[in-house]
Amino acid sequence: MKILVTGAAGFIGSHLCEELLKDKTHEVIGIDDFIGPTSFSLKFKNLEALLPEKRFTFIKENLLTADLSPLLEGVDIIFHLAAIPGVRSSWGDHFHPYAAHNIQALQRLLEACREHPLQTFVFASTSSVYGEKQGKVSENAALSPLSPYGVTKLTGEKLCHVYQQSFGIPIVILRFFTVYGPRQRPDMAFHRLIKQHLQQKPLTIFGNGQQSRDFTYIGDCVKAIYAVLGKPHLIGETVNIGGAERASVLKVVSLIEDISGKKATLHFSDKIAGEPSKTWADISKAKQLLHYDPATSLKDGLANEFAYLSSLYQGE
Ligand SMILES: NC(=O)c1ccc[n+]([C@@H]2O[C@H](COP(=O)([O-])OP(=O)(O)OC[C@H]3O[C@@H](n4cnc5c(N)ncnc54)[C@H](O)[C@@H]3O)[C@@H](O)[C@H]2O)c1
């Protein structure tokens with residue numbers, strides 16, 4: 001199969017490309033323009049294992065300006081992961097790139113898809129579309145994002161629906177819940193906390209640290225995305241991709257202390273606007289439709305991220 005992955009140099013995109021290439025019958029085109037919170041050098045490092053691979057083609061182009069039609073020639077599946085992610089920086093003057101890359105770029109891609117028959121177009125959405133909810137959240141819960149980021153991703157979902165309704169673009173929406181593990185973006189909590197700990201600095205905790213998240217290990221997340229392949233009955237579905245465990249930020253800090261064998265000092269800072277106090281995914285639909293079974297414990301996944309970051313920041 002010929003597969004296009006947008007955002008291929010990103011955290012999830014680079015892992016997904018590697019997983020796809022394990023099947024020798026797949027050819028993968030990765031597109032990315034090195035945009036967003038992660039530095040060029042880290043994104044380039046994400047591509048290290050992919051670039052020498054003969055069945056992988058990397059295209060450094062912006063979806064806002066690229067000539068998309070030739071890129072879609074012969075493509076069977078699109079995994080659209082390109083976006084500006086993150087809640088914290090989506091306020092104020094920073095909103096413009098969120099609107100451009102999360103909405104306009106998607107709209108350009110969907111327009112280009114009208115001329116190219118596809119098997120599936122997978123859109124990477126987020127738990128941020130739900131807002132604050134009590135208990136486990138299933139896909140049919142009311143959608144009330146708390147942040148401008150969440151609004152752009154919800155708009156992305158809506159755009160996908162209208163292109164499916166009017167032009168038959170075969171959409172599948174996956175809503176990811178806080179993904180972590182090696183290559184996690186530097187703006188995300190685990191990366192930031194582990195880096196501070198490695199550098200023997202106080203760990204910045206936004207709010208009181210009691211906020212909890214459904215944490216999804218990257219290996220589990222990528223298996224769920226991969227499982228969409230070859231399942232035409234998924235077209236039109238929206239599926240939550242959550243993890244094996246939920247935990248508070250303070251619990252995560254204690255796991256980091258266990259893994260490193262060192263006590264951390266904490267620096268409490270203001271709560272972040274737009275963040276819910278908890279997220280909790282009902283993943284019964286993913287279990288049923290994708291045979292999804294997230295297996296990685298938080299401690300094991302965190303230890304893998306810790307090892308990756310120890311090597312990344314060695315000597316700093
Ligand atoms: N990481 C998470 O926990 C998480 C949770 C929920 C949803 N998501 C969604 O998953 C997707 C991937 O997230 P990530 O954490 O890997 O982010 P990331 O920033 O690591 O990857 C996104 C990539 O998209 C690229 N990109 C952005 N706009 C582009 C454009 N116009 N043209 C070309 N490339 C462009 C960026 O350069 C970046 O490499 C995003 O859509 C995000 O909203 C992520």
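The values are calculated or read from the model by the stated rules, or taken from the named source; none is laboratory data. Since the model is a prediction, treat every value here as computed from it, not as a measurement. Surface areas here come from the heavy atoms of the whole protein model, side chains and all, with no ligands, DNA or RNA. Shrake-Rupley method; radii C 1.70, N 1.55, O 1.52, S 1.80 Å.
Residues whose amide H lies under 5 Å from that of SER212, counting only those 5 or more places away or on a different chain, are LYS278, THR279; hydrogens are built 1.01 Å from N in the peptide plane. Candidate cross-link partners of LYS285 among the lysines, defined by an alpha-carbon separation under 17 Å and a same-chain spacing of 8 or more, comprise LYS136, LYS223, LYS231. Taking amide H positions as modeled 1.01 Å from N, with prolines and chain starts lacking one, the residues under 5 Å from VAL239 and 5 or more places away or on another chain are ILE173, LEU174, ARG175. Tally up the carbon and sulfur contribution to the accessible surface of the chain as a whole percent, 1.4 Å probe, everything protein left in place. Roughly 52 percent of what the probe reaches on the chain is carbon or sulfur. With springs only between Cα atoms under 10 Å, which of PHE56, PHE215, PHE79 fluctuates most in a Gaussian network model of the chain? Looking only at PHE56, PHE215, PHE79, the biggest GNM fluctuation is shown by PHE56.
Here the sum of -39500 (n - 2.57) over DSSP H runs of 4 or more residues, divided by the residues of the chain, equals -10000 deg cm²/dmol at 222 nm, to the nearest 500. Note on the chain: GNM, Cα springs under 10 Å; of PRO52, PRO97, PRO85, the largest mean-square fluctuation is that of PRO52. Helix 298-312 versus the longest principal axis of the chain: what is the Cα-based angle in degrees, 0 to 90, to the nearest 10? Compared with the principal axis, the helix lies near 90 degrees. Within the range 137-292, DSSP assigns beta bridges of which about 25% are antiparallel (rounded to the nearest 5). Considering only GLY274, GLY13, GLY30, the mean-square fluctuation computed in a Gaussian network model of the chain, springs between alpha carbons under 10 angstrom, is largest for GLY274. Between the C-alpha center of the range 151-179 and that of the range 34-113 there is a gap of 16 Å.
Helix 249-260 sits at what angle to the longest principal axis of the chain, using alpha carbons and giving 0 to 90 degrees rounded to 10? So the inclination is approximately 80 degrees. Express in % the proportion of alpha carbon pairs of the chain at distances exceeding 34 Å. Tail fraction, whole percent: 18.
Keeping every protein chain present and rolling a 1.4 Å probe, give me the accessible area per residue for the chain in Å².
The answer is 43 Å² per residue.
Derived scalar couplings between HN and Hα for the range 117-134 equal x, 10, 7, 8, 10, 9, 9, 7, 9, 8, 4, 5, 6, 7, x, 7, 9, 8 Hz in order, rounded to whole Hz, by the Karplus curve 6.51 cos²θ - 1.76 cosθ + 1.60 (θ = phi - 60°), x for Gly and Pro. Shown in residue order for the range 49-60 are the 3J(HN,Hα) couplings computed by the Karplus curve 6.51 cos²θ - 1.76 cosθ + 1.60 at θ = phi - 60°: 6, 8, 4, x, 6, 5, 8, 10, 10, 9, 10, 8 Hz (x for Gly and Pro).
For the set GLU305, GLU48, the ranking by accessible area, highest first and with no ligand, DNA or RNA atoms included, is GLU48, GLU305 under a 1.4 Å probe.
Pairs LYS43/LYS133; LYS24/LYS45; LYS271/LYS299: which exceed 31 Å Cα-Cα?
Check vs 31 Å cut-off fails for LYS43/LYS133.
Computed 3J(HN,Hα) for the range 209-216, one whole-Hz value per residue from the Karplus formula 6.51 cos²θ - 1.76 cosθ + 1.60 where θ = phi - 60°, is x, 7, 4, 10, 9, 8, 9, 10, glycine and proline marked x.
In this structure the amide hydrogen of ALA82, modeled in the peptide plane, comes within under 5 Å of the amide hydrogens of THR6, GLY7, none closer than 5 places in sequence on its chain.
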